[in-house]
Amino acid sequence: MKNSHLEAIQKHLESRSVEIVAVTKMRSQAEIMEIYDAGLRIFGENKVQSILERYKSLPKDIDWHMIGHLQTNKVKYIVPFIDTIQSVDSFRLLDEIEKRAQQVNRKIKVLFQIKIAKEETKYGFEPSEVMTFFENDYSKKYKFVNVCGLMGMATMTDKKDQVDKEFKSLHKLFEEIKQKFKLKHFDKLSMGMSSDYEIAIKNGSNMVRLGSILFLKSE
Ligand SMILES: *Cc1c(COP(=O)(O)O)cnc(C)c1O
């Protein structure tokens, strides 16, 4: 059975050169395999336990992205297979990833999660912290992590202009870092979820993290 809804989203995003991270949290194996069979190969989970279970039970040609808050004491469990950690929100976490990645001799891609939402609860760096990091050439200190870009989540709100403003600010920071420091791998801007990905793409996102919208059933 062909899922034309999913196909339409894939085509749309492909034509805009936007990568899809399929967020599989709370989905059944059968639902996930439908997405896999449609050709998606970048999958994301927001919990260590779930990502470990998924990694074990799903095909091995999937690139796994950690997208939720990661505790330093759990880094060791995912470094053997993780492709990208999108939710790096402290330099202590970055140091731990570097240490553990070295132990397993793997390069790991990371994104810095930036606080752009108004909500108090959202994790992430202040833009100034990240600017200072690059200004001080800190990134050269790391041999096993590649800082590949930024990730951010907008405020959960129906106010589109608020979301638009927040995505604009993240895009601006992303472009500023790119132009100022000319880092080799720095080219990913992960922003946009099911409810706001159109606004994110309009504002320069090249990676969207889609959950619910991918799993809507079409006839
Ligand atoms: C769950 C989740 C998503 C996807 O959310 P949907 O609204 O289902 O698309 C994206 N990013 C993060 C960090 C998430 O935890």
Cα pairs beyond 12 Å in the stretch 36-78, in percent, come to 59 percent
In whole percent, the fraction of accessible protein surface over the chain that belongs to carbon or sulfur atoms, probe radius 1.4 Å, stands at 51 percent
Quick tally, 1.4 Å probe accessible area for Leu216, Leu183, sorted with the most first, runs Leu216, Leu183
Low-density loop trypsin sites (Lys or Arg not before Pro), the stretch 73-116, at most 13 other Cβ within 10 Å, DSSP non-H/G/I/E/B, are Lys107
A student applying the Cα gyration tensor rule (rounded when a/c is under 1.5; otherwise prolate if a/b is larger than b/c, oblate if not) would label the stretch 100-148 oblate
Hydrodynamic calc, the chain: Kirkwood Rh from Cα pairs, then Stokes-Einstein at 20 °C with viscosity 1.002 mPa s, so D in µm² s⁻¹ is 120 µm²/s
Taking only the alpha-carbon atoms of the stretch 109-219, the convex hull volume per residue, in cubic angstrom, is 121 Å³
Treating only Lys and Arg (+1) and Asp and Glu (-1) as charged, each at its beta carbon, one finds that the stretch 1-153 has a dipole about its Cα centre, in Debye to the nearest 20, of 420 debye
Over all Cα pairs of the stretch 56-162, the Kirkwood radius sets Rh, and Rg/Rh then becomes 1.00
Inter-part gap, Cα centre of the stretch 108-141 to Cα centre of the stretch 1-36, in whole angstrom, is 29 Å
Given backbone amide H placed at 1.01 Å from N, residues whose amide H is under 5 Å from that of Ile108, ignoring those fewer than 5 places away on the same chain, are Val145, Asn146
The aspartates and glutamates whose Cα lies under 18 Å from the Cα of Lys160, excluding any fewer than 8 residues away in the same chain, are Glu119, Asp196, Glu198
With every protein chain kept in place and a 1.4 Å probe, the chain has an accessible area per residue in Å² of 51 Å²
Residue-ordered couplings for the stretch 138-152, obtained by feeding phi - 60° into the Karplus form 6.51 cos²θ - 1.76 cosθ + 1.60 and rounding to whole Hz (Gly and Pro as x), are 4, 4, 6, 5, 9, 9, 10, 10, 10, 7, 9, x, 10, 10, x
Largest-first ranking of Asp37, Asp158, Asp137, Asp89 by accessible area, probe 1.4 Å, whole protein assembly kept, is Asp158, Asp37, Asp137, Asp89
Here, GluC sites (Glu not before Pro) of the stretch 66-139 satisfying both criteria (DSSP loop; at most 12 other Cβ within 10 Å) are Glu119, Glu120
proj_area_mean for the stretch 134-183 (convex hull on C-alpha atoms), units nm², value 4.2 nm²
Taking a straight Cα-to-Cα line shorter than 28 Å from Lys56, and setting aside same-chain lysines fewer than 8 residues away, one finds Lys2, Lys25, Lys47, Lys74, Lys76, Lys99, Lys107, Lys109, Lys143, Lys188, Lys217
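The values are calculated or read from the model by the stated rules, or taken from the named source; none is laboratory data. As the structure is a prediction and not an experimental result, all values here were calculated from the model. Neighbour counts run over all protein chains shown; Cβ positions are idealised from the backbone, glycine included. For accessibility, only protein heavy atoms count, side chains too; no ligands or nucleic acids. Shrake-Rupley method; radii C 1.70, N 1.55, O 1.52, S 1.80 Å.
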